[in-house]
1. Filter the stretch 284-307 down to the residues that are within 16 Å of residue 218 (Cβ to Cβ) and more than 26 Å from the chain's Cα centre (by Cα) and list them by number.
2. When residues of the stretch 226-260 are filtered for being part of a helix (DSSP H, G or I), at pLDDT below 95 and of a type in the set (A, V, I, L, M), how many remain?
3. Scan the stretch 308-321 for residues that are in a loop (DSSP other than H, G, I, E, B) and over 17 Å from residue 173 (Cβ atoms) and report the count.
4. Considering 193, 159, 166, which residue is open to solvent by 40 Å² or more (accessible area, probe 1.4 Å), within 16 Å of residue 89 (Cβ to Cβ) and within 25 Å of the chain's Cα centre (by Cα)?
5. Mind listing whichever residues of the stretch 248-275 are surrounded by fewer than 23 Cβ atoms within 10 Å (Cβ to Cβ) and under 15 Å from residue 335 (Cα atoms)?
6. Given the criteria crowded, with 22+ Cβ neighbours inside 10 Å, not aromatic (Phe, Trp, Tyr) and not in a helix (DSSP H, G or I), does residue 286 qualify?
7. Do you know which residues across the stretch 303-324 are open to solvent by less than 80 Å² (accessible area, probe 1.4 Å) and either free of Cβ contacts under 8 Å to residues at least 40 places away in the same chain or not charged (D, E, K, R) (or both)?
8. Can you tell me which of 256, 239, 243 is closer than 26 Å to residue 23 by Cα, without any contact (Cβ under 8 Å) to a residue 24 or more places away in the chain and over 23 Å from the mean Cα position of the chain (by Cα)?
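The values are calculated or read from the model by the stated rules, or taken from the named source; none is laboratory data. As the structure is a prediction and not an experimental result, all values here were calculated from the model. Cβ sites come from the backbone with ideal geometry, for glycine too, and all protein chains shown count toward neighbours. Ligands, DNA and RNA are excluded from the accessible area calculation, which covers all protein heavy atoms including side chains. Shrake-Rupley method; radii C 1.70, N 1.55, O 1.52, S 1.80 Å.
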Amino acid sequence: MSDDTRQMLLHTLERVLADHCTAERVQAVDAVGFDPDLWQVLEELGFTVAAVSEASGGSALGMADLCALLRLCGRHCAPVPLAESAVLAAWLLAGAGQAVPSGVLAFANANSRDFEITPQDNGLRLHGVLPRVAAARHAAGVVVLLERDGQTQVTQLGPQDYRLEPGDNLAGEARDDLHIDTIIATDRMYRAPAGITAASIHERAALARAALMSGALERTLQQSLDYARERKQFGRALAAFQAIQQQLAILAGEVAAACAAVDHAALVADFGVATDEIAVAKIRAGKAAGLACRIAHQVHGAMGFTQEYSLQHATRRLWAWRDENGSEAAWARQFGRRLASAGADALWPLTTASGTAVAD
């Protein structure tokens, strides 16, 4: 994509989110965690199929461009599941050769020992629970990735195929359990796009989550800077106190590091496997989230903890998102095992030649 087109898309989304994601409006939909009016606007503008190929009616954006869009969503605390619906579900369904329906699509990875997939009649019987499926209650359908006998397949479930048990994350976003006991006919099972596995889709989801986190981190930093400049204590702005300056400098460094890690991982993902880079991005974003929330609330004092003040829109999302699609601890263990199994001689090439930087 040309730089001009990229900037046009980012500028358009920025304007839409600025209009629809005011603090008052985000607070107003906080109880349900979803803004259908904003989703309709994004759908009309084509952002909900941004990852889908042009042949299927989308924009065919790569991960670098998609992460740039998601960063804006995170920065504005947009109450819409663009990552789950556009970057995962719609992209996967279109890649399997199926038409993408209108409305929200949820995504679930059925790669679990507790989820049974067994042949029955002219199809497969799906039995078990798909836990904490994002935005399932708002979705017209749930796109499910299945791995069986060395094959990766995609199917789409409707509300008739599951019993929904509602749940929420700390940010108030829908994370619903789907209780499934249904038979999916063979003609409803589609071959997944080449190279897609449960592990690779988990990596894509983690990178999308890290991109959202990078935007929320930027918002947290900006709000803290603005508050420190405006709030006066003992006749001086908070920003004039050296202790506050030091904490804001730490916060700015954490935000910059997280954004750089996400940008690098997205660029690598556009050209091939980026497992290590995505691991570092999610680790770095998770670490930054913990420090950013602590510093931001310390700078704001009691004001930052009030329901009426908008800082909590970003920090509650950061607290929730750092544990979704793999926490920093989970990704650190995976990255550490890979480094350990490669041996001492491979440590330096793995952490430098490929451009991967180990998160401290």
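1. Residue satisfying the conditions is 299 alone.
2. 6
3. Quick first cut of the stretch 308-321, residues in a loop (DSSP other than H, G, I, E, B) only: 308-310.
Among the residues that remain, those that are also over 17 Å from residue 173 (Cβ atoms) are: 308-309.
Final tally of qualifying residues: 2.
4. Values: 193 fails: open to solvent by 40 Å² or more (accessible area, probe 1.4 Å); 166 fails: within 16 Å of residue 89 (Cβ to Cβ).
Just a single option satisfies the conditions, and that option is 159.
5. 273, 275
6. Working: crowded, with 22+ Cβ neighbours inside 10 Å: yes; not aromatic (Phe, Trp, Tyr): yes; not in a helix (DSSP H, G or I): no.
No; evaluated as a whole, the condition is false for this residue.
7. Answer for the stretch 303-324, where residues must be open to solvent by less than 80 Å² (accessible area, probe 1.4 Å) and either free of Cβ contacts under 8 Å to residues at least 40 places away in the same chain or not charged (D, E, K, R) (or both): 304, 306, 309, 310, 311, 312, 313, 314, 315, 318, 320, 321.
8. Numbers: 256 fails: over 23 Å from the mean Cα position of the chain (by Cα); 243 fails: closer than 26 Å to residue 23 by Cα.
239 is the lone residue from the list that is closer than 26 Å to residue 23 by Cα, without any contact (Cβ under 8 Å) to a residue 24 or more places away in the chain and over 23 Å from the mean Cα position of the chain (by Cα).
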